[in-house]
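What follows is one structure encoded as structure tokens, with my remarks underneath.
The numbers here are math on the coordinates, done by the rules we state, and not lab data. Just so it is clear, the model here is predicted, and its values are computed rather than measured. Because the Cβ atoms are built from the backbone with ideal geometry, glycine has one as well, and the counts that use them run over all protein chains shown.
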Amino acid sequence: MDRKLGKINRYLMIGWLAIVVVLTVTYFGELARGHRDWPYMAMFLSVTIIPAAACLIYFIKRPQSKRLRIYAVAGYLLMYTFVLLNTNTVMTYGYIIPMLTLIVLYHSPRLVLVMGSVALAANIACVIRFFKIGMVTSDDIKDVEIQLGMIAFSFVFAYIAASLYSKIVKENEEYIKSIDDKQKQLERVTLQTITTIANIIDAKDEYTKGHSYRVAEYSSALAQELGYDKERVANVKYIGLLHDIGKIGIPDSILNKPGKLTDSEYALMRKHAEIGGNILSGNNMIDGMDEGAKFHHERYDGRGYPMGLKGEEIPEMARIIGIADAYDAMTSNRVYRKRLTDEKVISEIRRCSGAQFDPKLAEIFVKMIESGKLSDLSPDIAADTNVVHESDGKSMAERSADLLQSVIGYNRNPYDNEHDYLTGVLSRSAGEKLISERLSEGDGGLFIVDITNLLGVNEKHGIVAGDRVIRTVSETLTEREGLIVIRYDGSGFLCFMESATQGGALEALMSDICSEIGGKLRGMPEYEDNIICVGGALSSEVGRDLAALLIAADKALFYVKQLGEEGSYLYKKSEKDRSKKLYALDLEQLIKMIAGSDECAVYGMDSPEFKKIYELVKGIYEKNKQEMQLVLITVTPAIGKSLAVADRDEAMEYLQSAIDVTVSPSMITFRFSSVQCMVIVTEPQTESAELVTERILNSFYKSYDKRNMAITTEAASLPPLETV
């Protein structure tokens, strides 16, 4: 705002001075021709050049002053009045226009009103004077009225323009303020998120607790000494917090090994710098965010890793974090030694200056140690990560975990894309590829093992405790001979048993696994009412299509979760229905049950939630005794895409929203399974199922623009009760 005001002030002074120069040159010309005398010129200079010069000096000293507009208007009106009263023209209308135009830019209606009132009064006084001396006669009245009207209209419209401009500027300032407030809130959330990610990183290494915080503090303190501005200092702090993010890709057994690492272990440990750089590369939130992670172990003499950069080739950000990282290592207690004294640390930094450290940074850092600037630092930047966010009710720890999942993936090791970094089992992408290959060769059984309330363990006992629960489940599964185990998502595993064609054998295996895992978890101190739910399906029942198998197993898992207790369930089809599509079969069986013509149960029918819906629908059907139409809408993966849990849940939310805004109050809608929604049109004579479906799909695809999911619809009619 101040910068904008200074710009308007500059334009005002330029315009005013230009008019003064033109008038001065004109009047001196008249003086030379004998039309003016020196006393008149002295008076002219005193009311034109002196006010303009005074305002110019004031502008030079205070270019962004709000008072300048008042001084300028007063000085300009003084000049205008003098010219008006001493000219041979009835009214000097043209002189007021340049100043009037510039004054509008101040969006001050009151200023325009004052200027207009004075100018109009001066012109009326001038007309009266001219009448008295005979310069204006009754024949000139019409011209005088027109000119006075022009002046009045000019100021009225200028007043309106200034008022509108003032309103726009005020709204714009309020909008900018709201943007600034949101920016500050975003920065706070960003810092909390990065802090929580740093917590997760440090939690993997029991010997470097708080290391990321301290490095961030030391790095930002050094950046301040180097003269960095506030924003760059904050960026250094953020990057310092994430400099060891690559440790996520290093096995815990190596990170927490108390003794000396072997050559192969050390080689793997060194990979954390490259892994960290790869994780953060392409992040545009902060310039150079990947540099601190990737190059903080480079040495000034070129003997560092991962690239062996030398001297100024190493980004300054990495050189800053490198010395802060080394300082924290020397001043922290380790299993094999106590922290070094300040004297020993200073001696070591100076010894390594020019070899490991940038000499300039090393000398500044030593002075900071000697002055005690580093001893008073504490990681107070760690904001409360358990604050619940208003938008989704999640704490910062939960939101940060979600962010971390989106950035690096729970099921993707940055170092090994084929295996899950935490459990060592196959990653989802590698596992799905393997299962598809096995299905092309023969039948098999697939089931999903899900750990409920894992978030409760993480919140109460920490991420490390949650990791132990996950590893306990994975170890139990991998002990089973012939079972392909895959990390499915954050709290679940996908298992495939080759040559499984009989439901009884797979059901027994699923039940046994469920009981064994449940027993182990209940014996752990981290147990927080964790329920193990297992849902499965056979390719001999559903078909050798992985997507169809996943949907069937997921439907079975959804049913078990609805019951709210530990257990397993196998999706089944009857022999006569095996040729039918999975979606059409569910719809057909539901119709038969409502009509009372079939005793077979729809999958999940004995779920408490589903029973309520079923009883409602059947009651309406028996009461109205008229035709009803049922539409089953299923979310399926697009061709060539996997049915990722996060993508499925997101698509289902969009589908549910599309249904909510589309259907009429007389229709019944409910969640039929984890991938299906049901719409029952109770009055098809008013609105057909076909039109309802079309509107739902149009609404869905307008809001959901991703191409990883597709929608399949199945519709059927339930005839009037008398005809059944």
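All C-alpha to C-alpha distances of region 643-715, sorted into 5 Å bins beginning at zero, yield P(r) values of 3, 15, 30, 26, 16, 7, 3, 1 percent in whole numbers. Annotation for region 222-254 versus region 471-532: alpha-carbon center distance of 40 Å.
Computed 3J(HN,Hα) for region 241-248, one whole-Hz value per residue from the Karplus formula 6.51 cos²θ - 1.76 cosθ + 1.60 where θ = phi - 60°, is 4, 9, 5, 9, 4, x, 5, 4, glycine and proline marked x.
Here the translational diffusion coefficient of region 455-523 follows from Stokes-Einstein with Rh set to the Kirkwood radius across Cα pairs; for 20 °C and 1.002 mPa s it amounts to 162 µm²/s. All Cα-Cα separations within region 481-576 were binned at 5 Å from zero, giving a P(r) of 2, 13, 22, 27, 19, 10, 5, 2, 0, 0, each value a whole percent of the pairs. Karplus-derived 3J(HN,Hα) values for region 264-278, using 6.51 cos²θ - 1.76 cosθ + 1.60 with θ = phi - 60°, are 5, 5, 5, 4, 6, 4, 5, 5, 4, 5, 5, 4, x, x, 5 Hz; glycine and proline are entered as x.
With 26 Å as the limit, the listed pairs K247/K433; K182/K271; K237/K367; K61/K182 have K247/K433; K182/K271; K61/K182 beyond it between alpha carbons. Taking region 36-51 and a reference point 7 angstrom along Cα→Cβ of T26, the backbone N atoms nearer than 15 Å belong to 36, 44-45, 48-49.
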